[in-house]
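Step one of this worksheet: look at the structure below.
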Amino acid sequence: MAGMGLELGAAVAGFTFLGIWIDRRYDTEPWGVLVCAAIGVVGGLYNFVRAARIAAGSSAASATSRNRSESVPGSTSGSKSASAGEEPDPR
């Protein structure tokens, strides 16, 4: 999760440097930098949002499964143990 910002910055910086190289090589200043930086921002933000949604989905899924196991009758977590005179639940 902490590396997502670094990944976004690396995408922008990498594509910007590619744009600088294109501008110097083909004498297209400033279009190479502008186009490549825009591609870096769009691609970096796409990866950032995708990773954030995956992280949010996995934490929500684990919380949901934790809540389900606590509310299931007869489950081992959160259920009362059978006292000496009671039969254990066969489920």
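Values as computed for the structure displayed
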{"quantity": "Some residue of the range 54-64 being exposed (fewer than 13 other Cβ atoms within 10 Å of the Cβ), at pLDDT 95 or above and outside any loop (DSSP other than H, G, I, E, B)", "calculated": "no"}
{"quantity": "Scan of the range 28-61 for residues that are among the polar types (S, T, N, Q), in contact with a helix residue (DSSP H, G or I) (Cβ under 8 Å, 6 or more places away or on another chain) and over 16 Å from Met4 (Cα atoms), ordered by number", "calculated": "Thr28"}
{"quantity": "In the range 25-37, residue nearest to the chain's Cα centre (by Cα) [restricted to those that are farther than 12 Å from Leu8 by Cα and surrounded by 13 or more Cβ atoms within 10 Å (Cβ to Cβ)]", "calculated": "Cys36"}
{"quantity": "Only listed residue being at pLDDT 95 or above, under 30 Å from Ser59 (Cβ atoms), within 17 Å of the chain's Cα centre (by Cα) and not polar (S, T, N, Q), chosen from Gly3, Gly14, Gly43", "calculated": "Gly43"}
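The values are calculated or read from the model by the stated rules, or taken from the named source; none is laboratory data. Quantities reported herein were computed from a predicted structural model and do not represent experimental measurements. With ideal geometry, Cβ positions are generated from the backbone for all residues, glycine too; neighbour counts draw on all protein chains shown.
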